[in-house]
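Participant: Got a structure for you, questions after.
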Amino acid sequence: MKVIYVAGRYDRREELAGYAQQLRDMDYIVSCRWLGGDHQLHEGAHEVEVANHPEAGVSMLAASFARDDYDDLKKADTIILFSERPEAYAKRGGRHVEFGMAIAWGKSLIVIGPRENVFHCLPQVRRYDTWLEFINRMEVKV
């Protein structure tokens, strides 16, 4: 059975959790704990409070979240990345790191949305404009 990792902006978590449930309903395993909502240090964490962190960035308390994401992605056969339009708020960008790891590990690569960077142009990347287009063309194989 295929294991899928869903990557995207944290503030789209509820939307992406819905898509993950659709995949589970189709008998896929979705391996991404971040969609459960437990990977949030505080309300508004997507607006990193640089002045409050001694590292001038994300608190080291988030290290366990990175380990969860790393382990979940490592187990997956496929990554589905939800990309963003250039004008979208997308400051932190962990999804790009996840996509890069998926490339290096030889995972199946899917982008839903516009190509955000040159790595989305690789020949092994399948891209769809929308979730609906992806689901309609998927024919029960990811």
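Read-outs: derived from the displayed coordinates by stated rules, not from any lab. Quick caveat: nothing in here was measured; it's all calculated off a predicted structure. Note: ideal-geometry Cβ built from the backbone for every residue, glycine included; neighbour counts use all protein chains shown.
Participant: Among Ser108, Ser64, which comes first, second and so on when ranked by fewest other beta-carbon atoms within 10 Å?
Facilitator: Working: Ser108 17, Ser64 11.
Least to most surrounded, the residues fall as Ser64, Ser108.
Participant: Give me a comma-separated list of calculated 3J(HN,Hα) values for region 27-34, in order, Karplus coefficients 6.51, -1.76, 1.60 applied at θ = phi - 60°, integers in Hz, x for any Gly or Pro.
Facilitator: My calculation for region 27-34 gives 6, 8, 9, 10, 10, 7, 5, 4 Hz in order.
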